[in-house]
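Step one of this worksheet: look at the structure below.
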Amino acid sequence: MSVVAITPDYEDYIEYRDEQSLYHGAMLVYVHWEEHISFVSAFGVPLPPGTPFGAICEIAMGIYGDHPDAARIDWSQAEWMIDDERATPDFGKSIVENGIGHKSLIRFWTPGLHGYQGTAN
Amino acid sequence: MTAKKLSLKQRYEFLTRDLDWEPSYQSADDIYPYDKFEGIKIKDWSGWEDPFRLTMDSYWKFQAEKERKLYAVIDAFAQNNGQTGVSDGRYINVLKVFLTGISPEEYQAHRGFAFTGRHLRGAGTRVACQMQSLDELRHVQTQIHTISHYNKYFDGMSEFPIQHDRVFYLSVPKSFFDDARTAGPFEFMVAVGFAFEYVLTNLLFVPFMSGAAYNGDMSTVTFGFSAQSDESRHMTLGIEVIKFLLEQHPDNLPIVQRWVDKWFWRGFRLLGIVAAMMDYMLPKKVMSWKEAWDIYFVEAGGALFQDLARYGLKMPKYADIATEAGEHISHQNWGLFYQLCHVAGFHAWMPDAEHLDWLSAKYPNTFDKYYRPRFEMWAKQEKEGKRFFFNGLPQLCSCCQLPMLYTEPGDPTKTCFRSSVFKGTRYHFCSDGCKDIFDGEPEKYVQSWLPVNQIFQGNCGGATVPEVLDWYKINVGVDNGDYVGSPDEALWNAWTAQRFSEAS
Amino acid sequence: MMTQLASITLMRNDDARPIIDAIMADNPDVCVLNMPGAVKLDCDGRLRVNRASVEERMGRAWSPQEIQLVLVSMAGNLEEDDDQFTLSWHK
């Protein structure tokens with residue numbers, strides 16, 4: 001253990017506060033629209049593991065819908081990255097089948113859409 | 001013949017170390033069980049020097065004098081309805097952020113220094129920590145007293161103690177002090193005494209309080225500078241602890257360097273909130289965050305670390321990244337406040353044209369290129385009646401607990417993402433600085449109470465935003481949302497109208 | 001090597017004015033930054049406050065410890081005794 005503690009049994013008392021088991025059957029997933037960083041950060045959403053990947057697009061539209069670029073998103077052209085790896089997700093398959101785990105980060109790029117006036121906002 | 005007056009040095013010797021004694025029937029290690037486990041080696045506790053040489057009797061005398069002066073001002077301010085004379089109703093929001101985000105940390109500092117004052121075995125150190133502990137208690141009390149006057153008129157201030165434990169952005173300062181207070185006494189001293197007080201606190205209390213003076217807030221500037229007069233002593237304690245540790249044993253250097261690196265970064269992240277307050281929330285501005293950073297970190301911090309180089313101590317890791325971020329951080333954090341103020345206990349607003357031009361002038365390299373377009377887009381949405389609020393819950397950094405909003409060093413168009421996997425679970429960080437801190441002590445940070453994640457786990461009053469705000473004790477439609485249309489604005493406008501009608 | 005500024009920030013009020021004046025008289029290279037409510041005084045390497053100079057301007061006995069009543073901030077290693085309050089960096 002790397003924590004320098006006064007108590008030798010420190011590890012026995014650790015309360016892990018972000019395990020998947022604490023999410024009542026769901027897993028926490030993060031989604032981020034690249035080149036649109038006027039949105040403060042990626043958003044988090046708890047999802048049942050069997051959720052089809054395509055549902056993420058709908059959820060994302062609920063968050064990003066008011067952005068001037070949002071109506072022009074062509075999901076079939078989007079480029080994806082899951083936990084730092086390029087990915088080609090199958091929208092019909094579940095998020096777990098697409099390699100997504102608890103607290104995975106899903107980033108997507110929308111070719112041709114580079115934010116308000118091309119400023120990544 | 002009258003007794004000869006003692007010199008300052010003699011008085012300090014008699015009234016500090018001379019009052020200490022060697023324990024006879026208990027071992028010193030049993031009396032002071034906390035001052036060895038961190039690995040710090042102390043050969044000679046008498047090497048500790050307080051350059052102020054302040055003794056307890058003078059301490060009470062000076063503090064009483066400061067209190068008398070401060071309370072005379074607070075009283076006069078209330079008697080003369082000073083709240084109607086501040087520069088603009090928007091200004092009050094800095095007091096809300098201060099009272100909810102900073103005053104509770106003064107109390108945490110009080111507790112922390114009471115602990116170190118009890119548990120370090122050197123008499124000089126104990127006295128200095130005891131004084132600082134009392135100072136911090138004085139600070140939280142004077143801040144509550146001062147701001148309580150505003151609480152009679154403005155919203156969002158009345159539930160600050162419970163909000164400190166619950167509200168998402170308040171976990172940023174809370175986690176900073178929780179982290180420091182759960183460390184050993186030496187790390188606490190380096191964290192709060194050195195990294196926070198010496199290296200960073202000037203940025204909070206000097207230009208910001210000067211800003212309060214400029215905005216007509218006589219009561220706040222007075223508590224601010226009254227607190228800051230103690231702060232100079234705290235800064236001195238902070239630099240003394242570093243010099244003392246480094247002089248005592250060469251093995252202390254790597255430990256101290258690690259703490260300096262860690263706490264510089266944590267302090268930098270925390271003070272980013274002040275950056276937004278300075279650049280966006282003061283209607284009349286004294287200096288920009290960038291200018292303050294250049295004076296108080298680049299210049300003063302540079303001189304300090306040049307001085308400490310003789311002990312082998314280096315500039316904090318990522319100091320260069322922090323300085324680069326000085327061009328961005330206030331704009332990025334105001335973006336956070338602007339789009340999440342519907343779930344916050346204070347108001348945010350769109351800066352007006354004159355304000356945007358001031359920002360362009362102060363940030364010629366970055367503002368027009370990266371941030372003005374953002375405000376233009378939002379202003380357009382406001383005009384169309386679609387005032388933009390972020391509709392989701394943000395991803396938080398597992399170290400600093402801020403939303404993951406900061407950008408890659410060298411590329412302000414790209415969000416910075418870092419992560420680590422510990423025991424099969426992934427953790428996310430806003431920066432290399434935060435990731436390094438987690439990786440250094442993962443067992444500590446896996447215990448973090450991350451507010452957004454806690455909402456998802458069902459521990460914050462319910463699954464919907466209104467339920468969570470109710471649990472936060474944020475009065476929806478009153479405390480939160482845009483300044484425009486708020487009861488605060490209506491009150492301010494009524495006062496202004498009254499002033500004009502009386503004048504005509 | 002960049003310049004190392006020894007620096008003191010004092011409240012701008014009647015109690016501090018004789019101290020500010022004494023610093024400006026005794027430290028010829030001092031650089032002054034005026035802010036609302038406060039004044040920051042910077043010297044290259046070393047800044048000294050002399051008790052005698054302050055007393056002369058204040059017209060009463062003054063202890064360097066009283067500076068704490070009007071002190072806002074400082075930078076440098078502090079050396080204080082009955083006659084002076086000095087901030088300096090090691091050269």
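The values are calculated or read from the model by the stated rules, or taken from the named source; none is laboratory data. As the structure is a computational prediction, the values presented were derived from the model and not from experiment. Every residue, glycine among them, receives a Cβ derived from its backbone with ideal geometry; neighbour counts consider all protein chains shown.
For the stretch A:44-65, give me the residue count where each residue is outside any helix (DSSP H, G or I) and either away from chain B (no Cβ under 14 Å) or without any contact (Cβ under 8 Å) to a residue 40 or more places away in the chain (or both).
Total meeting the criteria: 10.
Would you check which residues across the stretch B:155-168 are surrounded by fewer than 24 Cβ atoms within 10 Å (Cβ to Cβ) and outside any helix (DSSP H, G or I) and list them?
If the condition is that a residue be surrounded by fewer than 24 Cβ atoms within 10 Å (Cβ to Cβ) and outside any helix (DSSP H, G or I), then B:D155, B:M157, B:S158, B:E159, B:F168 are the ones that fit.
Out of the stretch B:1-48, which residues are of a type in the set (K, R) and more than 25 Å from B:D251 (Cα to Cα)?
B:K4, B:K5, B:K9, B:R11, B:R17
Which pairs turn up if I take residues in the stretch B:138-163 that are over 23 Å from B:E231 (Cα atoms) and look for partners that are buried (at least 23 other Cβ atoms within 10 Å of the Cβ) and basic (K, R) with beta carbon separation below 7 Å, at least 6 apart in sequence or on another chain?
Listed by first residue and then by second, the contacts come to B:G156/B:K96; B:M157/B:K96.
Report, by residue number, each residue of the stretch B:19-60 that is exposed (fewer than 12 other Cβ atoms within 10 Å of the Cβ), of a type in the set (D, E, K, R) and without any contact (Cβ under 8 Å) to a residue 60 or more places away in the chain.
Hits for the stretch B:19-60 are B:E22, B:D29, B:D30, B:D57.
In the stretch C:1-36, which residues are assigned to a loop (DSSP other than H, G, I, E, B), over 18 Å from B:Q228 (Cα atoms), within 14 Å of chain B (Cβ to nearest Cβ) and in contact (Cβ under 8 Å) with a residue 12 or more places away in the chain?
C:T3, C:Q4
For (1) of a type in the set (A, V, I, L, M, F, W, C); (2) in a helix (DSSP H, G or I); (3) under 27 Å from C:D15 (Cβ atoms); (4) within 14 Å of another protein chain (Cβ to nearest Cβ), each residue gets a yes or a no:
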| site | (1), (2), (3), (4) |
| --- | --- |
| B:Q63 | no, yes, yes, yes |
| B:K69 | no, yes, yes, yes |
| B:Q83 | no, yes, yes, no |
| B:V97 | yes, yes, no, no |
| B:E105 | no, yes, no, no |
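Considering only the stretch B:290-298, I want to know if a residue exists there that is basic (K, R) and crowded, with 20+ Cβ neighbours inside 10 Å.
Yes; the residues of the stretch B:290-298 include at least one that is basic (K, R) and crowded, with 20+ Cβ neighbours inside 10 Å.
Could you check the stretch B:107-121 and list, in sequence order, the residues that are part of a helix (DSSP H, G or I), surrounded by fewer than 24 Cβ atoms within 10 Å (Cβ to Cβ) and of a type outside the set (S, T, N, Q)?
Matches in the stretch B:107-121: B:Y107, B:H110, B:R111, B:A114, B:F115, B:G117, B:R118, B:H119.
What number goes with the only condition from (1) more than 8 Å from chain B (Cβ to nearest Cβ); (2) in contact with a helix residue (DSSP H, G or I) (Cβ under 7 Å, 6 or more places away or on another chain); (3) within 25 Å of B:H331 (Cβ to Cβ) that A:I106 does not pass?
For A:I106, the exception is condition (3).
Is at least one residue of the stretch B:319-336 surrounded by fewer than 22 Cβ atoms within 10 Å (Cβ to Cβ) and closer than 26 Å to B:V478 by Cα?
no
What tally of residues in the stretch A:66-108 results from selecting those that are surrounded by fewer than 16 Cβ atoms within 10 Å (Cβ to Cβ) and either part of a loop (DSSP other than H, G, I, E, B) or among the aromatic types (F, W, Y) (or both)?
Residues flagged as surrounded by fewer than 16 Cβ atoms within 10 Å (Cβ to Cβ) and either part of a loop (DSSP other than H, G, I, E, B) or among the aromatic types (F, W, Y) (or both) within the stretch A:66-108 amount to 12.
Name every residue in the stretch B:404-443 that is in contact (Cβ under 8 Å) with a residue 24 or more places away in the chain and of a type in the set (K, R), in order of residue number.
Listed by number, the list holds a single entry, B:K435.
For the list (1) farther than 22 Å from A:Q20 by Cβ; (2) crowded, with 16+ Cβ neighbours inside 10 Å, I need the number of the one condition that B:H428 fails.
(1)
Looking for whichever is of a type in the set (S, T, Y) and away from chain B (no Cβ under 12 Å) here; the options are A:S94, A:S41. Which one fits?
The conditions single out A:S94.
For the subset of the stretch B:433-466 comprising residues that are part of a helix (DSSP H, G or I) and among the aliphatic types (A, V, I, L, M), which member is farthest from the other protein chains (Cβ to nearest Cβ)?
The qualifying residue farthest from the other protein chains (Cβ to nearest Cβ) is B:V465.
Test of understanding: among B:I102, B:I74, which residue is more than 29 Å from B:S171 (Cβ to Cβ) and either out of contact with any His (no Cβ under 7 Å at 6 or more places or on another chain) or buried (at least 19 other Cβ atoms within 10 Å of the Cβ) (or both)?
Being more than 29 Å from B:S171 (Cβ to Cβ) and either out of contact with any His (no Cβ under 7 Å at 6 or more places or on another chain) or buried (at least 19 other Cβ atoms within 10 Å of the Cβ) (or both) holds for just one of B:I102, B:I74, which is B:I74.
Can you pull out the residues in the stretch C:37-74 that are farther than 30 Å from B:N215 by Cα and part of a helix (DSSP H, G or I)?
Correct list: C:R51, C:A52, C:S53, C:V54, C:E55, C:E56, C:R57, C:M58, C:P64, C:Q65.
Pairs under 8 Å by beta carbon, first residue away from chain C (no Cβ under 11 Å) in the stretch B:229-252, partner among the basic types (K, R) and outside any helix (DSSP H, G or I), six or more apart or different chains?
Once the first residue is away from chain C (no Cβ under 11 Å) and sits in the stretch B:229-252, its partners that are among the basic types (K, R) and outside any helix (DSSP H, G or I) give B:Q248/B:K41; B:Q248/B:K43; B:H249/B:K41; B:H249/B:K43; B:D251/B:K41; B:N252/B:K41.
Return only the number of the condition from (1) in contact (Cβ under 8 Å) with a residue 60 or more places away in the chain; (2) in contact with a strand residue (DSSP E or B) (Cβ under 7 Å, 6 or more places away or on another chain) that B:Q401 does not satisfy.
(2) is the only condition that B:Q401 fails.
Is it fair to say B:A195 is more than 9 Å from chain C (Cβ to nearest Cβ), touching a Pro at 6+ places or on another chain (Cβ under 9 Å) and assigned to a helix (DSSP H, G or I)?
yes
Can you tell me which residue is nearest to the chain's Cα centre (by Cα) among those in the stretch A:1-41 that are hydroxyl-bearing (S, T, Y) and not in a helix (DSSP H, G or I)?
A:Y30
List the number of the failed condition for B:K314; all other conditions in (1) modelled with pLDDT of 95 or more; (2) basic (K, R); (3) within 21 Å of B:V206 (Cα to Cα) hold.
Unmet condition: (3).
For the stretch B:366-411, give me the residue count where each residue is in contact with an Asp or Glu (Cβ under 8 Å, 6 or more places away or on another chain) and either in a helix (DSSP H, G or I) or more than 8 Å from chain A (Cβ to nearest Cβ) (or both).
So the count comes out to 5.
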